[in-house]
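Enquirer: What follows is a single structure, and I will ask about it in a moment.
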Ligand SMILES: [Zn+2]
């Protein structure tokens, strides 16, 4: 009797193990099938994504090259940019460009030069008076800048003062009407050819943006002055960029003006210095062509 019971128990146990084992295998097979589907789906999605990215990268690379050509960027700078753009691990150039283009204030990056004018009626709507500021020169005409440029200038002037340097602002916003008179005065004084080198026709002056500051003496002795050296070394930290550097008259259309700085913001000044050798004109031309393309 005991023996029979033991045999029954043994068979029952065997059967139980068999059933469990089969069920287990079946469950395992189902989960493997599911797993395969799960891993396959993201693979397809990933492949589609990679494909899109490849296409984007290829067309972006083509656009970069096309725009570099249109903007007449010198070959050395061009090579550096093209190398960065084709390096999928880096792409610092495109990342920085994207940030600049996303800035809703297009006047920070707008190209204003001999060929590209602002509309006669363009007048910034956030001009603030520079009266009673420590950096203001003793001129009776009101001097104004756009709020964000004025805020940056204020910070820069405070930092300069902490280093024992007093910034003197000699000129800031100039209206379209003011520029008409100014260009006429320069033409009468120097003749039309020289006037073009040192002065802008109405609409073609960066000063109409309300983002430009002329420092100090308005001559190139400024470059070697204590103030000039401080501004050269520190302006970029506050978003200011030198518009008409020495030796670039053929590019900018203007004789060297060591005193004329345009506020472009920290993103753009970083971009100018990282990729375009510090030449604002190249950078703004590139961005102009990029947005047109
Ligand atoms: Zn100026």
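The values are calculated or read from the model by the stated rules, or taken from the named source; none is laboratory data. None of the values given here were measured: they were computed from a predicted structure. For neighbour counting, all protein chains shown are included, and Cβ atoms are generated from backbone atoms with ideal geometry for every residue, glycine included.
Enquirer: Identify all residues within segment 76-95 that are over 16 Å from residue 272 (Cα atoms), out of contact with any helix residue (DSSP H, G or I) (no Cβ under 8 Å at 6 or more places or on another chain) and assigned to a helix (DSSP H, G or I); write none if there are none.
Expert: Selection gives 83 alone.
Enquirer: Which pairs turn up if I take residues in segment 147-166 that are in the same structural domain as residue 129 (by TED's automatic domain parsing) and look for partners that are part of a helix (DSSP H, G or I) with beta carbon separation below 6 Å, at least 6 apart in sequence or on another chain?
Expert: 152/238; 155/238; 156/238; 160/230; 165/226; 165/227; 165/230
Enquirer: Still on this structure, I have one more. Let me confirm something: among 202, 159, which residue is more than 11 Å from the ligand (Cβ to nearest atom), within 28 Å of the chain's Cα centre (by Cα) and at pLDDT 95 or above?
Expert: 159
Enquirer: When segment 96-129 is examined, which residues are found to be at pLDDT 95 or above, closer than 30 Å to residue 142 by Cα and outside any loop (DSSP other than H, G, I, E, B)?
Expert: Selection gives 106, 107, 108, 127.
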